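Working notes, beginning with the structure itself.
Each reported figure results from applying straightforward, stated rules to the coordinates on display, with no laboratory input. Predicted, not measured: the structure shown is a model, and the values here were computed from it. Quick reminder, even Gly has a Cβ in these numbers, built from the backbone with ideal geometry, and neighbours come from all protein chains shown.
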DNA sequence: TGCGCAACTGTTAACGTTAATATTTGATAG
DNA sequence: CTATCAAATATTAACGTTAACAGTTGCGCA
């Protein structure tokens, strides 16, 4: 008579293999000092019973899991959305799994709660995307010793940080436009409370002042094509605008459309550069010159830093600033 | 002397409150038959110690967790990417958390492995996005009684299914074009092994035959703007093409660009309709008429079905086919 | 043949919950 | 005042692992 009511546990395997459950545990965890013959017998028993170790029991016994907690604002923004899957995949390669807490707003309270829920599950470490100030504050509530990587966080904060070099990217974009012969470059920015926005504004300003060019006022946007479109309508009316650096590709898309509607040709009348290199950017009208951050590299670096901390059992204060690449397409040309 | 080495456990709370740990458990789980006075005392003790229950122990004791497993191909496609966050958020509202297994390919083996890892963690249920056949097969390996919802899966398979009504959407798109006066409508499709593609092709054909219109050959694409561009170049060369239904917005973007390059105006010379209503679609040149599926609703429905199963303790065979909406913009007009 | 020591294996006790069962308390009816 | 019974609380035993330690083998060497 079979009794399939309960899933096989370690003791069942042990009985079948004629060893103690501890030996099964040793085989499972690759401990040395197990005779090859017994190892094989145990593995056969595992196979035969279709035994799978119970994670919860392991977590309880060891006090830690092979799970990484991930906190981010729920969003269909290209960057964050790519991060979830890239991270989950990178984690898998290292034998970890990812638990996602997706929150609506980046205020301190919800972020704190989300982190709390993850800690309750004894996650081995945390990767958080905290691109604005309010969210970063929540990190103060954390215990000191939990491994943590902050993606796109406050560069001034002394946590482990992984981020794209926003300033370098913005500089490259701006310089590229100046080198094409433009006297100055306008900028349509992201939301002011995002560190990414701040970095891109800083890089743009830097490039302009380095070149001795005028620094026009920042046109504020919010990452959306809609806000790019609004800014674009204003820019299209001013006849001294020949070059625009948009803080991301969607803003650029809105700008392209506004320029098109006002009869301004790109790049003949106005040159445009974006940021992100979304997969569609190459098919905008015209194909968009843009800055490409490597999101896979960000995910991989985040995981590297996190796993190093997990191994070390403490924070390491490491950080990675990844340089983005300028992708030249047809939206940039000399001024006419 | 304080000993903060160990985190407070239920017994610590019990001691402080002067009750047994079982009473603490009862308070925590909202069981009846606890005197108000003791409840308050226990809660005070919990507060004072900063006690947080250990999930792993609970999972071990109950045999189930408040975690939902999510399996999907790692991808930055708009649909799937939106689903992760939408689902995580919906889950949170119901007191669940989401564990993501993101895999590179939808072959049977990796899908099976991913599901296995989730089962090891005793997830309460599974939400899987299995838009192609090979992946669906992996579902056969599952135990019968684990709650499961299949998003975008095989409509012919007898699992709980949540999906957008692809046929209805495609029909609406095609009919909209026919009603604008076009004699027929061309279709640039998604990859042939996706159920979504199949449904959209079927709906498009149906609408055409219902209207007694010619059914042109399907132009195959792969969801990418690049493949849309290629198809668009071919379409632009044929002078009897006046209307195109693209299987998604990115394909449509590529088509728009190809038409633009060949000097074909949209919508004067050719009308185009997309599918998905990505946030940028309203800023294409021209703004794209498209079909909008409600991804939040898909996520919410998935969770509803899953939770119903979890409560019932078995599969229920329920399914939800959600109707999408036609969003009219400026890429459609009468033939000239 | 037996000694010693490493290699291997087994035994027992955690880990922190919930479930099942036992006990105490307190109110109510007689 | 007590018997009864429900409500409230306590006790004990799982759940399935790993850790710590104890015990047993077997081999090389004297």
Fill in the blank from the handout: By the mean-Cβ-within-10 Å protection proxy, highest first, B:269-282, B:127-140 rank as B:269-282, B:127-140
Handout entry: Cα centroid of the stretch A:118-169 to Cα centroid of the stretch A:215-276, whole Å
Key = 32
Exercise for the section: Please determine, in degrees from 0 to 90 and to the nearest 10, the orientation of helix B:36-49 with respect to the longest principal axis defined by the Cα atoms of chain B, where the helix direction is its Cα long axis. Expected result: 80
Handout entry: Alpha carbon convex hull of the stretch B:181-336, volume per residue in cubic angstrom
Key = 114
Completion exercise
In the stretch B:120-240 the DSSP beta bridges are antiparallel at a rate, in percent to nearest 5, of 10
Practice task
Mind pulling the angle between the C-alpha long axis of helix B:78-93 and the longest principal axis of chain B? Nearest 10 degrees, somewhere in 0 to 90.
Solution key: 30
Completion exercise
The correct pair for the stretch B:41-111, radius of gyration to one decimal and Dmax as a whole number, both in Å and from Cα atoms, is 17.2, 55
Fill in the blank from the handout: Helix B:166-179 sits off the longest principal axis of the Cα atoms of chain B, rounded to the nearest 10 on a 0 to 90 degree scale, by 30
Practice task
Taking only the C-alpha atoms, wrap a convex hull around the protein assembly as shown and report its volume per residue in Å³ as a whole number.
Solution key: 191
Fill in the blank from the handout: Yeah, the stretch A:264-323 with a ≥ b ≥ c from its alpha-carbon gyration tensor (a/c under 1.5 is rounded, else prolate when a/b outruns b/c, oblate otherwise) is prolate
Problem - Relative contact order %, chain B, counting alpha carbon pairs below 8 Å whose residues are six or more apart - result: 16
Fill in the blank from the handout: Per-residue Cβ contact counts at 10 Å, fewest first, order B:320, B:39 as B:39, B:320
Handout entry: Distances in nm from residue A:217 to the matching label points in the other copies, shortest first (labels 7 Å along Cα to Cβ)
Key = 5.8
Handout entry: Residue with peak Gaussian network fluctuation, chain A [Cα springs, cutoff 10 Å], from A:47, A:268, A:144
Key = A:47
Exercise for the section: Take every residue in peptide A:99-112, count the Cβ atoms of other chains within 10 Å of its Cβ, and give the average of those counts. Expected result: 3
Practice task
Mind listing the label-point distances from residue B:316 to the same position on all other copies, shortest first, one decimal in nm, points 7 Å along Cα→Cβ?
Solution key: 4.8
Problem - Antiparallel DSSP beta bridges within chain B, as percent of all bridges there, nearest 5 - result: 10
Practice task
Distances from residue A:233 to the same position in the other copies: list them in nm, one decimal, shortest first, using label points 7 Å from Cα along Cα→Cβ.
Solution key: 3.7
Problem - Rg and Dmax [Cα atoms of the stretch B:150-268; Å; Rg one decimal, Dmax integer] - result: 14.4, 49
Problem - Residue and distance (whole Å) for the chain A Cβ nearest the axis that superposes A on B - result: A:81, 2
Practice task
Mind ranking A:308-315, B:253-260, B:204-211, B:160-167 by how tightly packed they are, going by the mean number of other C-beta atoms within 10 angstrom, highest first?
Solution key: B:253-260, B:160-167, B:204-211, A:308-315
Practice task
Once you have a ≥ b ≥ c as the square roots of the Cα gyration tensor eigenvalues for the stretch A:95-231, tell me rounded if a/c is under 1.5, and otherwise prolate or oblate according to whether a/b is larger than b/c.
Solution key: prolate
Exercise for the section: Which order do the peptides B:150-157, B:212-219 take when ranked by the mean count of other beta-carbon atoms within 10 Å per residue, highest first? Expected result: B:150-157, B:212-219
Practice task
Note down the relative contact order for the stretch A:1-122 as a percent, whole number, built from C-alpha pairs under 8 angstrom at least six residues apart.
Solution key: 21
Problem - Overall form of the stretch B:88-155 per C-alpha gyration tensor (a/c, 1.5; a/b vs b/c) - result: prolate
Handout entry: Shielding by partners, peptide B:67-74 (average Cβ within 10 angstrom, other chains)
Key = 3
Fill in the blank from the handout: Expressed in nanometres to one decimal, the distance between label points 7 Å along Cα→Cβ at residue B:47 and residue A:93 is 4.9
Practice task
In Å and from the alpha-carbon atoms only, list the Rg and Dmax of chain A.
Solution key: 26.0, 88
Problem - Burial ordering of B:10, A:83, B:238, fewest other beta-carbon atoms within 10 Å first - result: B:238, B:10, A:83
